Amino acid sequence: MKKIILRTAAVLMMVFTVSVLNQAKAQSNTIEEIKLNPNDGFGELRSLVINHFDFTNPNFSSGVVHSDVQFSIADNGKITNVRANGDCKYVSQELETVMTHLLYKVDVSKLNKNMMASSYVMPVNVLINR
């Protein structure tokens, strides 16, 4: 009887240990996201987005339209996985199109350790005059 209790206790300890390790492993796979601000070194990217943005779409909402553009940077500096979400879906779609088709590469060697992430969020405000 004593051996059965010891075996049961050992099995429970193993299950508990594996459970804790799996939980710790799952937590290390979270996506790190950095919200960009105007002084972060992405000024050239912002300028390119403004210069390539097509303001002629009649479906754009008038006034200041806010969008958050989420994207990743590949090892070679290419912008990938662009998704935008904001006040006007047409503005968000245009931002996605512009960012996806840019021939721009981020110089990853200039990013400091605090700027390296799996995902970036760039807030964008667009003024639409109608």
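Any read-out appearing in this document is the output of simple, stated calculations on the displayed coordinates, not a laboratory observation. This one's a predicted model, so the numbers in the text were calculated from it and none came from an experiment. Every residue, glycine among them, receives a Cβ derived from its backbone with ideal geometry; neighbour counts consider all protein chains shown.
General observations
- Interchain or long-range residues, amide H under 5 Å from residue 106's placed H: 78, 79
- Distance (nanometres) between label positions extended 7 Å along Cα→Cβ at residue 128 and residue 83: 2.2 nm
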